[in-house]
Amino acid sequence: MKRVNVNLGSRSYPIFIGAGISVRTGRIVAGLDIGTDAYVITNPLIQKKYGAALAASLRKAGLSVRFKNIADTEQSKSLSTAAAVLKDLAAFDKRKHIFIVALGGGVVGDLAGFVAAVYKRGIPYIQMPTTLLAQVDSSIGGKTAVDLPEGKNLVGAFYQPRAVITDVALLKSLHARQLRQGLAEVIKYGLIRDRQLFSYIENNMRRILSHDQAALTHIVERCSRIKAGIVSRDEREKKSLRTLLNFGHTIGHAIEAACDYCDYGHGEAVALGMLVAADISRQMRMLGEKAQERITRLIKAAGLPIKLRGVSLQKIISIHYRDKKFMAGKNRFVLLQAIGKAKVVSNVSLLIIQQAIKGSGTFNC
Ligand code: GLY
């Protein structure tokens with residue numbers, strides 16, 4: 001089992017990574033001394049697949065267990081679902097010493113973290129991510145949130161988990177498309193911080209896509225180390241360091257919103273957003289053409305889209321102005337200086353942005 005630390009003083013925590021390690025959850029959690037009663041927030045499919053084994057491991061360590069299912073859709077990241085879970089939690093919490101376990105993907109992790117942050121002004125929680133996307137990104141770093149009709153993640157808190165237990169064996173049951181969505185974020189880490197990781201993905205794509213446990217453990221560990229290092233130095237995104245994790249997300253989020261969160265999944269939209277950001281970098285003479293071509297080849301080899309289709313160009317442009325990185329009316333993009341090296345650039349010309357988006361596909365209007 002590998003261990004990576006997120007170093008945040010008294011709020012530091014370990015990320016445990018390995019294939020098959022979830023059977024040790026009871027022992028790991030008992031060692032943390034965070035409570036005696038596990039309230040496991042998950043979804044029905046994940047409970048069916050992994051619930052019994054998790055309950056057995058927790059009970060063996062002398063902990064009581066209760067499951068709470070939420071629907072596996074973005075709609076679950078709402079104030080109304082949070083309120084329903086909080087009421088259920090309060091009813092369960094009689095003479096107990098409760099901690100929360102988030103067993104699932106990004107929706108479960110974000111909602112469970114939010115509930116943990118606000119119940120009794122904060123109770124301990126553990127992240128047990130079951131998708132590649134959650135394992136390399138959302139389970140680490142304490143961004144918890146629910147959505148409002150006005151926008152995604154508008155209500156939330158920075159609230160760190162007490163541990164992340166990342167069992168790559170749980171990825172076996174992921175559909176190919178879900179695995180690819182996570183792979184987009186893995187490619188992102190290679191691009192912003194780790195040239196060797198990028199080359200590793202180029203050389204091991206077949207193993208990764210066929211769920212090879214050693215290859216998955218390697219990439220998840222590399223990404224977890226990068227994210228843990230960034231969060232340890234810039235937890236609240238004050239130093240433009242955590243901002244680097246948003247590479248590809250400015251246009252990626254705009255694509256998701258422009259097609260109403262249905263045609264392109266998050267990872268697919270981020271893949272297209274990374275291609276646009278790489279093209280902006282090339283137009284600004286920060287990145288060479290060869291590097292840009294290599295990026296396109298890898299995204300294609302991952303089975304992710306390299307051409308945007310059927311979305312309105314105008315919508316993407318107007319939605320991208322809502323990006324939270326914008327400061328004092330000036331845009332801020334994460335751009336590439338090389339594969340493995342990124343920086344935040346302000347005030348990128350609208351003409352260049354439009355050129356890059358136009359070049360990335362065909363549009364409705
Ligand atoms: N997913 C971006 C971050 O955690 O900052």
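I'd like to know if segment 144-154 contains one or more residues that are under 27 Å from residue 55 (Cβ atoms), open to solvent by 10 Å² or more (accessible area, probe 1.4 Å) and out of contact with any Gly (no Cβ under 9 Å at 6 or more places or on another chain).
no
Which residue pairs have Cβ atoms closer than 6 Å, lie 6 or more positions apart in sequence or on different chains, and pair a first residue in segment 127-150 that is assigned to a loop (DSSP other than H, G, I, E, B) with a second residue that is within 13 Å of the ligand (Cβ to nearest atom) and charged (D, E, K, R)?
Short answer, once both residue conditions are applied: 140/227.
Listed here are the residues, each with its yes/no results for (1) more than 19 Å from the chain's Cα centre (by Cα); (2) under 29 Å from residue 135 (Cβ atoms); (3) not in a helix (DSSP H, G or I).
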{"site": "253", "(1), (2), (3)": "no, yes, no"}
{"site": "292", "(1), (2), (3)": "yes, yes, no"}
{"site": "296", "(1), (2), (3)": "yes, yes, no"}
{"site": "300", "(1), (2), (3)": "yes, yes, no"}
{"site": "309", "(1), (2), (3)": "yes, no, yes"}
{"site": "315", "(1), (2), (3)": "yes, no, no"}
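I'd like the residue in segment 57-115 that is free of Cβ contacts under 8 Å to residues at least 60 places away in the same chain and of a type in the set (Phe, Trp, Tyr) and, out of all such residues, is most open to solvent (accessible area, probe 1.4 Å).
Of everything passing the filter in segment 57-115, 67 is most open to solvent (accessible area, probe 1.4 Å).
Which one of 87, 188 is farther than 19 Å from residue 55 by Cα, within 15 Å of the ligand (Cβ to nearest atom), at pLDDT 95 or above and not in a loop (DSSP other than H, G, I, E, B)?
Just a single option satisfies the conditions, and that option is 188.
Answer yes if at least one residue in segment 78-93 is more than 20 Å from the chain's Cα centre (by Cα), of a type in the set (Ser, Thr, Tyr) and within 30 Å of residue 260 (Cα to Cα), and no otherwise.
Checked against the condition, which is being more than 20 Å from the chain's Cα centre (by Cα), of a type in the set (Ser, Thr, Tyr) and within 30 Å of residue 260 (Cα to Cα), segment 78-93 yields at least one hit.
Considering only segment 218-238, state which residues are away from the ligand (no atom under 16 Å from the Cβ) and open to solvent by less than 20 Å² (accessible area, probe 1.4 Å).
219
Out of curiosity, is residue 53 surrounded by fewer than 22 Cβ atoms within 10 Å (Cβ to Cβ), under 23 Å from residue 158 (Cα atoms) and free of Cβ contacts under 8 Å to residues at least 60 places away in the same chain?
no
Report every pair of residues separated by at least 6 positions or lying on different chains whose Cβ atoms are under 7 Å apart, first residue within segment 210-237 and closer than 14 Å to residue 139 by Cα, second of a type in the set (Ser, Thr, Tyr) and part of a helix (DSSP H, G or I).
Sorted first by the residue in segment 210-237, then by its partner, the pairs are 223/189; 226/189.
Please enumerate the residues belonging to segment 1-23 that are part of a helix (DSSP H, G or I) and crowded, with 17+ Cβ neighbours inside 10 Å.
Across segment 1-23, the qualifying residues are 21, 22.
Looking only at segment 161-170, which residues are within 15 Å of the ligand (Cβ to nearest atom) and surrounded by fewer than 22 Cβ atoms within 10 Å (Cβ to Cβ)?
none
Looking at (1) open to solvent by 10 Å² or more (accessible area, probe 1.4 Å); (2) at pLDDT below 95, can you tell me which one residue 241 breaks?
If we test residue 241 against (1) open to solvent by 10 Å² or more (accessible area, probe 1.4 Å); (2) at pLDDT below 95, just (2) comes out false.
The values are calculated or read from the model by the stated rules, or taken from the named source; none is laboratory data. Please read all numbers here as calculations on a predicted model, not as lab measurements. FYI the Cβ positions are ideal-geometry reconstructions off the backbone, even for glycines, and counts take in every protein chain you see. Please note that ligands, DNA and RNA were not included when accessible areas were found on the heavy atoms of the full protein model with its side chains. Shrake-Rupley method; radii C 1.70, N 1.55, O 1.52, S 1.80 Å.
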